[in-house]
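The values are calculated or read from the model by the stated rules, or taken from the named source; none is laboratory data. Being a predicted model, the structure only gives us computed values, none of them experimental. Note that each Cβ is placed from the backbone with ideal geometry, even for glycine, and that neighbours are counted across all protein chains shown.
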Amino acid sequence: MHFLNILNHWPPVVYASLVWGLFWYLDRQASAQANKAISAWIRNKIVDRRDIQKIAVELFDSLYTVPLWGWRAMVRVALLSAILGVVAAYQFYPYAFIFIRNSEIRSTVLAQIATNAVADYISLFLIRRWLTVEVSVFFALLTAPVVGALVVIALYSIYDVSRFSLETWTFHFSYFVDNIIWWFGRINLPLTMRAALTLPAMAVHLWLPLFAVAVMLVRTFNLGVAATRKMQWFLKGGAQRPLRAIGFVAAAVTAIVTIAARFLLD
């Protein structure tokens, strides 16, 4: 069966598998010190907030590489952005794969994917800084995608207003407000091709709040002795592989949310 057909019929399984794969990768990259701190964290032990922040930053760096100012980080975030863009386009605007045969539409799509990659790359610096501010770690993780979304909105507004101003030889700061209002008006079902390609740029960093939610759930599970035993039985190494426990829960949350979304939208 063609891969895109699998995405069409089995999105809960596919998305859950992708999430599990992400946390499996992070588990492979995490240091022994980070695993020890995460294990203590999910077992509801007292862990210094600065240690938790270091964990969040270490996982962030594991995915996007260090330093961020380099070609490796650019390539990684560009690939993630492009993959999410293609998947979202197929899910929300499958006609894009037909219209893309038109050279003008193809150039527009490629330009938008490139813009998404630039916006996502710029957002890396702000999100990494956001993970170190003096706020609750859970709050920083949950709101990290908002920072990324603001960067995407700002970049698209600058692009749209600049193009309109050059075409009409007019400019006013209210154009930015009008453009943002226009964009939010376009985010409704069924999505347009441009909206379907833009939303994924805001979803690249959704793994951070998903990580926070999964940690909360695992901490809740570990409040019960029976749940802890089941967790230890289910996972080889138990406390030595806390990110795998978090990954299983994150994958389950992803599957449930995807099933609920499909049920509500169908």
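Here are some conditions: (1) more than 16 Å from the chain's Cα centre (by Cα); (2) exposed (fewer than 15 other Cβ atoms within 10 Å of the Cβ). Gln91 meets all but one. Which one does it not meet?
Just one mismatch for Gln91, condition (2).
Quick check on Ala56: is it assigned to a helix (DSSP H, G or I) and either at pLDDT below 90 or under 16 Å from Phe248 (Cβ atoms) (or both)? Before you say what the answer is, go through the steps one by one.
Working: assigned to a helix (DSSP H, G or I): yes; either at pLDDT below 90 or under 16 Å from Phe248 (Cβ atoms) (or both): no.
So Ala56 fails the test.
Of the conditions (1) surrounded by 12 or more Cβ atoms within 10 Å (Cβ to Cβ); (2) modelled with pLDDT of 60 or more, Ala227 fails just one. Which one is it?
Failing condition for Ala227: (2).
Give the residues of the stretch 11-54 that are among the β-branched types (Val, Ile, Thr) and farther than 18 Å from Leu217 by Cα, sorted by residue number.
First, the residues of the stretch 11-54 that are among the β-branched types (Val, Ile, Thr): 13-14, 19, 38, 42, 46-47, 52.
Residues satisfying the conditions are Val13, Val14.
Would you please list the contacts, defined by Cβ atoms under 7 Å and residues six or more apart or on different chains, that run from a residue in the stretch 142-166 that is in contact (Cβ under 8 Å) with a residue 24 or more places away in the chain to a residue that is of a type in the set (D, E, K, R)?
Between residues of the stretch 142-166 that are in contact (Cβ under 8 Å) with a residue 24 or more places away in the chain and residues that are of a type in the set (D, E, K, R), the close pairs are Gly148/Asp120.
State the number of residues belonging to the stretch 230-256 that are touching a Leu at 6+ places or on another chain (Cβ under 9 Å) and either modelled with pLDDT under 80 or over 15 Å from Lys36 (Cα atoms) (or both).
9
Kindly list the number of the only condition in (1) surrounded by 18 or more Cβ atoms within 10 Å (Cβ to Cβ); (2) acidic (Asp, Glu); (3) out of contact with any Ser or Thr (no Cβ under 8 Å at 6 or more places or on another chain) that fails for Asp120.
Of everything listed in (1) surrounded by 18 or more Cβ atoms within 10 Å (Cβ to Cβ); (2) acidic (Asp, Glu); (3) out of contact with any Ser or Thr (no Cβ under 8 Å at 6 or more places or on another chain), Asp120 misses just condition (3).
Do the conditions hold for Lys45, that is, is it more than 23 Å from Tyr121 (Cβ to Cβ), surrounded by 14 or more Cβ atoms within 10 Å (Cβ to Cβ) and among the basic types (Lys, Arg)? Step through it out loud before you land on a result.
Details: more than 23 Å from Tyr121 (Cβ to Cβ): yes; surrounded by 14 or more Cβ atoms within 10 Å (Cβ to Cβ): no; among the basic types (Lys, Arg): yes.
In short, no.
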